Amino acid sequence: MSSDVLRPEEGGGESVVATGQDSDKWLTAHNDPVAGLNTFSSCMALADLSADGEIKLIIADLGSGTHNMKLKVYKGTQLSSENTLIDMPTGVITFHMDTTEPQLPAVAVASGSYIYIYKNLRPYFKFTLPTLEVNPLEYDAWNQARDDLLDVSLLYEILDSLRHEVGECGLTTRSQRFLMCPDHQSQQNFLDQHKGFLLKRQTVVTAIATLKKSYAEEEAISCLVLGTESANVFILDPEAFTILNSVSLPSVAVFLSVFGLYDVEYRIIVACRNGHVYTLKRGVKVGRPTIELNSQAVGLVRRDKNIFVATMDRNLHCFSNKGKRLWTQQMDSVISCLELIEIKSLNLRLVAVALEDRRVLIFKDKYVVDTIHMEAPVSAMLFGRFGREDNTFILVMKGGGLHIKILRRKARFAADDSSGLGPAAATRLNVPKKTKLFVDQTMRERENSIQMHRVFQHDLYKLRLNTARQYVRALETSSNPVSITQTEPLKLSAQVLGLGPTFKIKVELQNTSASSPSLGLMVVFHADHHVYNVQNSVIQVPMLVPGVAHVVETLVNNVSELGVADTVKVLVVKENSTRPVLTALISMPVADTVS
Amino acid sequence: MGLFDKLAFSLGLKKREANILVVGLDNAGKSTVLNHFKPEDQRTSDVVPTVGYNVEKFKTKSVGLTAFDMSGQARYRNLWEAYYQDCQGIIFVVDSSERLRLVVAKEELDIMLEHPLIKPRRLPILFLANKMDLRDAISSVKVSAALGLDRLTDKPWHITACNAVTGDGLHEGIDWLSQMIKDAVDKNAQKL
Ligand SMILES: Nc1nc2c(ncn2[C@@H]2O[C@H](COP(=O)(O)OP(=O)(O)OP(=O)(O)O)[C@@H](O)[C@H]2O)c(=O)[nH]1
Ligand SMILES: [Mg+2]
């Protein structure tokens, strides 16, 4: 597993505080508490269905879950058309499937193993998901059961062990149903009822999305992206309805977020039933694990470079596209759905979070910038251009109500710093862009790292060697102010007094030995006679008692006409010795010439 | 008003001139309304969404009007206030078939009425409940209720249902407005 998979720690994140009273940022355009809708965010779409500039709202209504399933179209506040759906819808999207004029968008309803395409609100085409290969063991088992070679309990056992082996979704729907039968009698009945039919393994659509094919324009042709119960993601060609690409995932897709172009480069972010989020790329046959959640996802939206995931454990997480967790906020209540609020006129992308406690929180990054209170818990949300209004927020309640809000033209969303999170966390460091030079340099450093290290080590050794050599030389010539010879342990310190041209040099000598005194020492001043005239160039030093400092001094006259400064060498010599005991080099200051 | 103008008016030598502002949401039919007041031969058959604003001049029985046809698109609505100062009357056009955005129309009306250049003045406002021919259209009474006009007590106002394409109902409205403007101009002239 790749290294940037991130597992959020238990119970991480701050708690969100409910702020203030109801929002003044929205106008209520329509409120029908008895619209009788039963739907989810994935089953709603907005599109200019008749290409007249007025955008319609398309809702796949789940009805009672078994009856009364309908495809409803709202024109403004009025229900303008209804189409009966045969099976439970799992998703609705609108897309352009051709470029013929007028450019009417088609509606695709995912339902069971089929995608129903509507054009002009009339059924146009039905796409059937490819049948899957039936597991040979399963196939044989059913065949034998049909020919009465296998009795019910044996069949159950074979299928049950097969289920453990290949997983629930590796079996046919018939086997799944059979395994769900609670007792011997019902299993027998089921077998009798179905054994005569051909065993087929079909999968159902669990999520649907669109992906623009070659152009990013609003009216450009889009491919369909389908997530299936067989843990696959298919990309369908919109014209021929062939499968352009198929990717298998470790788990079943629940939410899809798609961006990019099929022909160029795209990313499909898939939140799966196993609580993991995968990223699919162009030309890759497997999904890259991106995020590991510790609870199931209840909503997924992508904003700029961030992925927002709401989970069943009441957390809202924000991740980078790479899967790095940026923050987590815990809500006071269960999250039912998420929606991206993109306000183009303000260049803002917010995230709306609907909570079970009837509130809808609107997040700007990690800050709650608005709270909407509804009369009932929200089950589905959709934001976008509806009718002729850009910023319309459509909310469907758990009880079936339809509520439409319109953003006030003058509404602004400012992060409320008083919500306790502090402004410091919000300020981003303004990191300058990487220059080409920087990148080149980094590349070079990365490629030649070994060589560079060797050169560095080589230079370091050379430096050490040079230092050692100089040290040895210094010792040899005694050109250091502290003598370390055992015979004459001496310390010398010199001082220059005066402003010039006449200076006084004061030399302090100290015997640093424990007990032996120094005898017969002389201090010699040596300087360039063009620059300095030393008054007493040789001074006799009396016996030096250990520990007592002796001071010798002399006047030095700067005789240089140019007023340059030079050095004066102070040497401590011993009688009958060719080598000085100590040497000190004094850098003279520049003389203040009185001209 | 200068002495000459006053004299000219009373002698009927000079027509009274006034500026009116035509506002309302995009697609309400403002340009279509004004198109109808133009002489037959100058009318355009195809009204396109206005960008920014257009200026149209036309004459009514009592005054000559210069109409500022503002664009109703959200991104141009803050242009409206630039013309508040110099107008003597307002036409507020509402698409009475577009129930979804009646709240938005009300919101824009409220913003306008609260503006310091409008609030203290007794400007006559003509409301046109347009597109009454459409099936979804609601009556002018309902439009009036949706806009909360009962609370508009400090200005003379009038609402009429109309069809800007055929011109039905427009003349009743514009006659009312020009009468109001004429009265105001005359009253002003007497004051001087
Ligand atoms: N059926 C019907 N259509 C109308 C009526 N009045 C205007 N329209 C149509 O409404 C559309 C918009 O009219 P415009 O006059 O451009 O609207 P507008 O208010 O000027 O819009 P902006 O310039 O964008 O602010 C046009 O297609 C008109 O033909 C009417 O009374 N009935
Ligand atoms: Mg116009």
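What's the longest piece of chain A with no exposed GluC sites (Glu not before Pro), counting a site as exposed if DSSP puts it in a loop and it has at most 13 other beta carbons within 10 Å?
Answer from the scan: A:376-560.
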The answer for A:Asn536, listing residues at least 5 apart or on another chain whose modeled amide H is closer than 5 Å to its amide H, is A:Leu555
Answer in debye to the nearest 20: the dipole magnitude of the protein assembly as shown about its Cα centre, from +1 Lys/Arg and -1 Asp/Glu charges placed on Cβ, is 1720
From highest to lowest solvent-accessible area (probe 1.4 Å; ligands, DNA and RNA excluded), A:Arg385, B:Arg77, A:Arg444 read A:Arg444, A:Arg385, B:Arg77
In vacuo Debye sum over C-alpha of segment A:157-198, base-10 log of normalised intensity I(q)/I(0) at q = 0.14, 0.22, 0.25, 0.31 Å⁻¹, listed in q order, is -0.30, -0.72, -0.89, -1.12
Dividing the mean separation of Cα pairs under 8 Å (6+ apart) by the residue count of chain B yields a relative contact order in percent of 23
With the 1.4 Å probe rolled over protein heavy atoms, segment B:3-191 has an accessible area per residue in Å² of 49
If each part is reduced to its alpha-carbon centroid, segment A:531-572 and segment A:147-199 end up apart, in Å, by 112
Heavy-atom accessible area per residue of segment A:436-476, all protein chains kept, 1.4 Å probe, expressed in Å², is 98
Amide H contacts under 5 Å for A:Asp370, restricted to residues at least 5 apart in sequence or on another chain and with H modeled in the peptide plane, are A:Ile362
extent check for segment B:3-191: Cα max minus min per principal axis, descending, whole Å, gives 51, 40, 29
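May I ask you to derive the FRET efficiency for A:Asp52 and A:Leu198 from their Cβ-Cβ distance with R0 = 45 Å, giving the value to the nearest 0.05?
Efficiency, from the Cβ-Cβ distance: 0.40.
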For A:Leu437 and B:Asp186, extending 7 Å from Cα along the Cα-Cβ vector and measuring point to point gives, in nm, a value of 8.1
In short, segment B:99-135 residues buried by 50 Å² or more of accessible area relative to the isolated chain (1.4 Å probe) are B:Arg99, B:Leu100, B:Val103, B:Glu107
Probe 1.4 Å, protein heavy atoms only: B and A together bury a total accessible area in Å², to the nearest 100, of 1400
Taking a crude spin-label model, label points 7 Å out from Cα along the C-beta direction, the A:Lys119 to A:Thr477 distance in nm is 9.8
Normalised per residue, the volume inside the convex hull of the alpha-carbon atoms of the protein assembly as shown in Å³ amounts to 365
Given chymotrypsin sites (Phe, Trp or Tyr not before Pro), DSSP loops and at most 14 other Cβ atoms within 10 Å, the longest exposed-site-free stretch of chain A is A:216-595
Of every hundred units of 1.4 Å-probe accessible area on chain A, the number belonging to carbon and sulfur atoms, as a percent, is 53
For segment B:20-29, in residue order, the Karplus 3J(HN,Hα) values (coefficients 6.51, -1.76, 1.60; θ = phi - 60°; whole Hz; Gly and Pro = x) are 10, 10, 10, 10, x, 5, 4, 6, 6, x
Once normalised by the length of chain A, the mean sequence separation of its alpha carbon contacts under 8 Å that are 6 or more apart gives a contact order in percent of 11
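The values are calculated or read from the model by the stated rules, or taken from the named source; none is laboratory data. These numbers come from a predicted model, not from an experiment. Every residue, glycine among them, receives a Cβ derived from its backbone with ideal geometry; neighbour counts consider all protein chains shown. Ligands, DNA and RNA are excluded from the accessible area calculation, which covers all protein heavy atoms including side chains. Shrake-Rupley method; radii C 1.70, N 1.55, O 1.52, S 1.80 Å.
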